[in-house]
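Structure, as structure tokens:
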């Protein structure tokens, strides 16, 4: 109940972003589970366009992180792909990074994060210590 009250106290735009992020996370999570192809191979139809306002991408990243708490197994890859799709709909260029590292017992570990605007947008907490593979830029709709 407390979470619902907190959600309802958010400004309407932030509530819409959280709901949109939740829908995108579920879409990507299902696509990752069911397909070996990229879940972004069939992009979703564009939603409203938002100009490149300062902080707009940060608000989307916040919405994805908040919504990911309610999606089972919303891994770093699922979160990065969901944010990449949301940013692409708004014309924001991003690059998905996947890095690898050796774990404590020399097992191979992987981590995904999303870069844009010259910085890490989501997944920064675990990105240190991972050697990035090639980046995967998103196709961005142009106005």
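The values are calculated or read from the model by the stated rules, or taken from the named source; none is laboratory data. Nothing here was measured: the structure is a model prediction, and the numbers come from that model. As a convention, Cβ positions derive from the backbone with ideal geometry for all residues, glycine included, and neighbour counts pool all protein chains shown.
The set of residues in segment 56-82 that are over 15 Å from residue 94 (Cα atoms) and modelled with pLDDT under 90 contains only 73.
When the residues of segment 1-36 are filtered to those that are part of a loop (DSSP other than H, G, I, E, B) and exposed (fewer than 10 other Cβ atoms within 10 Å of the Cβ), the one that is modelled with the highest pLDDT is 11.
Against the list (1) surrounded by fewer than 20 Cβ atoms within 10 Å (Cβ to Cβ); (2) at pLDDT 90 or above; (3) assigned to a loop (DSSP other than H, G, I, E, B); (4) touching a strand residue (DSSP E or B) at 6+ places or on another chain (Cβ under 9 Å), the condition residue 120 fails is (3).
Taking each residue of segment 118-131 that is within 24 Å of residue 107 (Cα to Cα) and looking for partners that are modelled with pLDDT of 90 or more and part of a helix (DSSP H, G or I) with beta-carbon atoms closer than 6 Å, six or more apart or interchain, yields 123/76; 123/80.
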